[in-house]
Amino acid sequence: MIAIELTDMCNHICRWCTLNRRSNILRLDIIKKVAYTLNRREIVFTGGEPLIHPRFTDILNIFDGFNIGLETNGELLSGKFMQIADKCSWVKIPIEYLFVSDIARVRGCTSERIVRTFTNIKFLRDTIRNRRSPCKIILSIKYHKFNIDELIDIIDSWFFLGKIAVAEISPVRHPRFHCDLPENVRDKLIEKNYYNGFIIKENPGGDIPILRVPATCKGYEEIQCLLPRSIISQKTTKEPSGSIPV
Ligand code: SF4
């Protein structure tokens, strides 16, 4: 998997975020070049918040035919439901706590914005269903010292999403927050798995991409040397006809 950091800006300020915030938006010409150079068809759009990128829908079109993942905090999904349901294989959205006010506190935003985010997740679910898309919603639930007691309740509160969703459980790495998954909680997770078609998956190591294209990149040459030979297409750099104008 190759991660493409569309921007290093974010509309949230989560407490354990390691993002080096600047105000870079990855240039469209670099994105196009990456798309036409890769022979791997698996990419993930990440950030910052990737939906801040002003050409996000164009970018989805550039990667037509790819297996696309999207990591988003969910607040800016509105207005892009159809394109995302049609083009993405999965959309990963974090859920930190059971209560809206607690999530708002750790993300440094208002409760209204979190309610909007929840509404967006439901709309995305409905759009995926209506369009019979294979896209999955992955609820990324990071557990830590301060939410471990409510982990099962958090998962229960999202079971209504049904089979199009996966709950992915992983630990927060930050030393002030980190804790191991207690045995009794793991037992309960095993007991609840597949309830209503909703899958619970443990992902203790997280997904590590083979390459991350940073939003700070100012020219294709900067990342060219980082691209492992195995993922460069023999055809390289030839752009398909009817491509999106930069
Ligand atoms: S949503 Fe992600 S990128 Fe944005 S502040 Fe939170 S952890 Fe950082």
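The values are calculated or read from the model by the stated rules, or taken from the named source; none is laboratory data. Every value quoted in this text rests on a predicted model; they were computed, and no experiment measured them. Note: ideal-geometry Cβ built from the backbone for every residue, glycine included; neighbour counts use all protein chains shown.
Just a few scattered comments:
- Criterion applied to Arg55, Arg21, Arg15 was being of a type in the set (Lys, Arg), farther than 15 Å from Arg212 by Cα and modelled with pLDDT of 95 or more, and the one residue passing it is Arg55.
- Ile43, sole failed condition from (1) buried (at least 17 other Cβ atoms within 10 Å of the Cβ); (2) at pLDDT 95 or above: (2)
- With respect to the conditions (1) touching a helix residue (DSSP H, G or I) at 6+ places or on another chain (Cβ under 7 Å); (2) without any contact (Cβ under 8 Å) to a residue 12 or more places away in the chain, Lys87 lacks only one, and its number is (2).
- Look at segment 106-122: where a residue is hydroxyl-bearing (Ser, Thr, Tyr) and a partner is part of a helix (DSSP H, G or I) and within 15 Å of the ligand (Cβ to nearest atom), sitting 6+ places away or on another chain with Cβ atoms under 8 Å, you get Thr110/Ala104; Ser111/Ala104.
- Here Ser101 meets each of (1) of a type outside the set (Phe, Trp, Tyr); (2) more than 14 Å from the ligand (Cβ to nearest atom); (3) crowded, with 20+ Cβ neighbours inside 10 Å with one exception, condition (3).
- Residue match in segment 30-40 (condition: surrounded by 16 or more Cβ atoms within 10 Å (Cβ to Cβ), closer than 30 Å to Arg105 by Cα and in contact (Cβ under 8 Å) with a residue 12 or more places away in the chain): no
- Number of positions in segment 140-160 that are of a type outside the set (Phe, Trp, Tyr), touching a strand residue (DSSP E or B) at 6+ places or on another chain (Cβ under 9 Å) and closer than 14 Å to Lys192 by Cβ: 4
- Residue that is farthest from the ligand (Cβ to nearest atom), among those in segment 106-147 that are of a type in the set (Gly, Ala, Ser) and at pLDDT 95 or above: Ser133
- Across segment 148-205, the qualifying residues are those that are hydroxyl-bearing (Ser, Thr, Tyr) and not in a loop (DSSP other than H, G, I, E, B), and the one among them that is modelled with the highest pLDDT is Ser157.
- Flag: Glu150 matches the condition of being more than 14 Å from the ligand (Cβ to nearest atom) and in contact with a Leu (Cβ under 6 Å, 6 or more places away or on another chain).
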